[in-house]
Amino acid sequence: MAAQQGLATRNLALALAGFMLNFWAWALISPLGAAYREQLDLTAFQQSVLVAVPVVVGSLGRIPVGALTDRLGARLMFPVVSLLTVLPVLFIGLVAESYVAMLVGGFFLGLGGTAFAIGVPLVNAWYPPARRGTALGIFGIGMGGTAISAFTTVRLSDAFGREAPFLLVAGVLVVYAAVAAAFVRDAPDRAVATGSFLARTWATAKIPATGQLSVLYALGFGGFVAFSVYLPTYLTNAYGLAAEDASLRTAGFVVLAVAMRPVGGWLSDRVDPVLVLVVCFTGSALLAALAGLELALMPLGTIAFLGLAALLGAASGAVFALVARLAPAEKVGAVTGLVGAAGGLGGFVPPLIMGAFYDALDDYSPGLYLLAVVCLATAAFTRGPVARNARQGATART
């Protein structure tokens with residue numbers, strides 16, 4: 001028993017590291033968005049597209065990567081995805097000099113965002129149902145890779161040249177791939193998926209919980225992703241902050257969201273996860289409306305954004321506590337892929353909307369008010385159809 005727990009802990013730690021390092025790579029473009037805008041003479045919308053492209057590709061890529069993980073296992077998938085992510089990291093850092101080249105590099109950089117769909121089924125298979133919410137919440141700390149990027153990218157670029165952060169990340173990913181190949185182990189009793197990819201994906205998409213959880217994650221995690229990639233641009237344009245200052249404030253947002261993700265999972269193991277989500281989404285609506293007023297950053301603006309970080313982070317953890325409860329064991333990777341794709345896509349749309357509002361109105365407030373409305377609608381959806389499905393699932397297991 002102790003040996004089994006030790007293996008579970010080791011694989012959780014390796015999954016967390018893989019998630020964090022690949023997310024670090026995934027988020028390399030965002031902190032340099034303002035510099036690329038100046039260097040390439042981009043509009044606000046073009047800048048939004050540049051920072052959002054890795055998000056949408058990393059999101060959609062989770063669908064096949066999650067399905068492949070169900071079939072092949074994380075022991076193979078973590079090293080493969082990490083090594084493949086090295087290629088676009090080096091391309092962007094050393095080769096890309098035009099907007100088109102940056103978009104191409106960003107497209108393939110999205111591969112780093114798929115690591116999430118590898119770690120969830122790995123962790124899920126190693127932990128019993130009563131501890132999965134907490135374990136998956138701890139794994140979710142890997143979102144902090146975006147905070148590492150926010151803290152280090154601009155500073156490394158200013159101190160050692162634009163290519164420095166990319167070379168560092170490429171080297172770290174190569175080392176992690178070797179460690180993962182040597183030490184990651186799939187659970188011996190994990191359910192192995194069978195059948196074709198398309199058939200399994202279609203069957204997974206038809207599970208009611210898949211669609212419902214996708215909606216929740218599109219807001220919870222999607223909101224986090226949107227702020228983590230676009231907040232530097234927002235703070236620079238709306239408040240006139242310097243790029244490094246904006247990146248550091250964004251890192252604070254990310255750190256708090258990351259810290260709250262395991263809290264959301266822990267609460268969901270002890271309280272109804274539906275209740276956790278309703279509270280998080282309702283509170284997010286109020287704080288988004290407050291942020292829309294564009295009050296001074298100190299103190300109300302900061303309170304609004306840090307509150308959003310805490311609630312969106314906790315909501316992300318609570319959603320995957322529900323995935324662990326509602327998804328069939330042999331389809332956890334596939335469900336994770338679809339739900340994770342929805343979360344990433346949820347992070348792709350807001351930067352485009354915010355950039356479009358700013359280009360048209362020179363004002364971000366309408367976008368934040370729209371977020372408030374979406375949060376309220378999602379809270380109502382959680383309290384209705386999602387709650388009924390969760391009750392039915394609990395009844396079926398008893």
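The values are calculated or read from the model by the stated rules, or taken from the named source; none is laboratory data. Bear in mind that the values here come from a model prediction, so they are computed numbers and not experimental data. Cβ: placed from backbone, ideal geometry, glycine included. Neighbour counts: every protein chain shown. For the accessible areas, the whole protein counts, side chains as well, though only heavy atoms, and no ligand, DNA or RNA atoms are used. Shrake-Rupley method; radii C 1.70, N 1.55, O 1.52, S 1.80 Å.
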* **Per-region count, segment 181-204, residues assigned to a helix (DSSP H, G or I) and either at pLDDT below 75 or not charged (D, E, K, R) (or both)** => 10
* Structure fact -> Counting only residues that are assigned to a loop (DSSP other than H, G, I, E, B) and of a type in the set (Val, Ile, Thr), segment 205-236 contains a total of 1
* Sort through Ala52, Ala8, Ala25, Ala96 and tell me the only one that's without any contact (Cβ under 8 Å) to a residue 24 or more places away in the chain, in contact with a helix residue (DSSP H, G or I) (Cβ under 7 Å, 6 or more places away or on another chain) and not aromatic (Phe, Trp, Tyr). => Ala96
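When the residues of segment 302-328 are filtered to those that are at pLDDT below 85 and buried (at least 19 other Cβ atoms within 10 Å of the Cβ), which remaining residue is nearest to the chain's Cα centre (by Cα)? Please lay out each step first, then the result.
So the first thing to find is which residues in segment 302-328 are at pLDDT below 85, and the list is 320-328.
Right, trim to buried (at least 19 other Cβ atoms within 10 Å of the Cβ) and you get 320-324, 326-327.
Values: Phe320: 12, Ala321: 15, Leu322: 17, Val323: 15, Ala324: 17, Leu326: 21, Ala327: 20 Å.
Across segment 302-328, the extreme among qualifying residues is Phe320.
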* Assuming Leu76 fulfils every condition listed in (1) open to solvent by 60 Å² or more (accessible area, probe 1.4 Å); (2) in contact with a helix residue (DSSP H, G or I) (Cβ under 6 Å, 6 or more places away or on another chain); (3) without any contact (Cβ under 8 Å) to a residue 24 or more places away in the chain apart from one, which condition is it? -> (2)
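Give Ala125, Ala178 a once-over and let me know the one that is in a helix (DSSP H, G or I), farther than 30 Å from Ile29 by Cα and of a type outside the set (D, E, K, R). Quick ask: steps written out before the conclusion?
On the way: Ala178 fails: farther than 30 Å from Ile29 by Cα.
Result: Ala125 is the single residue among Ala125, Ala178 that is in a helix (DSSP H, G or I), farther than 30 Å from Ile29 by Cα and of a type outside the set (D, E, K, R).
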* Would you tally the residues in segment 1-36 being surrounded by fewer than 22 Cβ atoms within 10 Å (Cβ to Cβ) and not hydrophobic (A, V, I, L, M, F, W, C)? => 6
* Would you mention how many residues in segment 109-143 are open to solvent by 50 Å² or more (accessible area, probe 1.4 Å) and touching a Leu at 6+ places or on another chain (Cβ under 7 Å)? => 2
* Structure fact -> Of the residues in segment 239-251 that are farther than 17 Å from Trp24 by Cβ and within 22 Å of the chain's Cα centre (by Cα), the one that is least open to solvent (accessible area, probe 1.4 Å) is Ala246
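Got a number for residues in segment 181-209 being farther than 28 Å from Pro79 by Cβ and either surrounded by 24 or more Cβ atoms within 10 Å (Cβ to Cβ) or among the aromatic types (Phe, Trp, Tyr) (or both)? Don't jump to the end; show me each part of the working.
Restricting attention to segment 181-209, the residues satisfying the condition of being farther than 28 Å from Pro79 by Cβ are 202-203, 205-209.
From the residues that got through so far, the ones that are either surrounded by 24 or more Cβ atoms within 10 Å (Cβ to Cβ) or among the aromatic types (Phe, Trp, Tyr) (or both) too are 202.
Of the residues in that region, 1 qualify.
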